[in-house]
1. Looking only at the range 25-57, count every residue that is farther than 21 Å from ASP133 by Cα, in contact with a strand residue (DSSP E or B) (Cβ under 9 Å, 6 or more places away or on another chain) and in a loop (DSSP other than H, G, I, E, B) and tell me the total.
2. Considering only residues that are of a type outside the set (A, V, I, L, M, F, W, C) and surrounded by 15 or more Cβ atoms within 10 Å (Cβ to Cβ), look in the range 39-68 and name the one that is nearest to ARG99 (Cα to Cα).
3. Counting only residues that are in contact with a Leu (Cβ under 9 Å, 6 or more places away or on another chain) and among the charged types (D, E, K, R), how many does the range 78-103 have?
4. So is GLY107 small (Gly, Ala, Ser) and within 17 Å of the chain's Cα centre (by Cα) or not?
Amino acid sequence: MNRIFRIALLALTLTLCGACEDKNEEQPWLKPNANNIAGTWQLAEFGGETLAEGTYVYIEFIRKDALFEMYQNVDSFLPRKLTGRFGITEEETGEYMIRGMYDHNVGDWKHVYRITEFTSGRMVWTAQDDEEDVSVYVRCDGIPEEIR
């Protein structure tokens, strides 16, 4: 009886160990679209460098009408709010591209970007015409109230 108990306990332990998740596993690649990009993202790296202390870019993608709101202070001392529309397309090559147009006749984004990595918590954009222009965004809870 004692032997059966030990075997059952060993089997239970092995089953539980096998069911544990490895937290270091890579998140699966997602197909970029307006549904799963929706939410708030913060620029974490640009051109392989982290942003300077106090510098930020937050972009919120609004799925319903393919709108975005961006809050940034990269090119000014004070926060700037930029709004507009975005679009994600799948090219014949299988690559996903994201492009945007600012409101108030400000024009298009400086680049069209290839989405070279996209998971539920991280995305990487590479400018189509400049391989060194790489932006790494991480999902965040929202734009801080003091910035809005």
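1. Residues that pass the stated criteria total 6.
2. Residue satisfying both the conditions and the ranking: GLU60.
3. Filtering the range 78-103 down to residues in contact with a Leu (Cβ under 9 Å, 6 or more places away or on another chain) leaves 83-86, 102-103.
Those still in the list that are among the charged types (D, E, K, R) too: 85, 103.
Total satisfying the criteria: 2.
4. Details: small (Gly, Ala, Ser): yes; within 17 Å of the chain's Cα centre (by Cα): no.
Taking the combined requirement at face value, the residue does not satisfy it.
Where a number appears in this text, it was derived from the coordinates with a stated rule and is not lab data. Values in this document were obtained by computation on a predicted structure and should not be read as measured data. Note: ideal-geometry Cβ built from the backbone for every residue, glycine included; neighbour counts use all protein chains shown.
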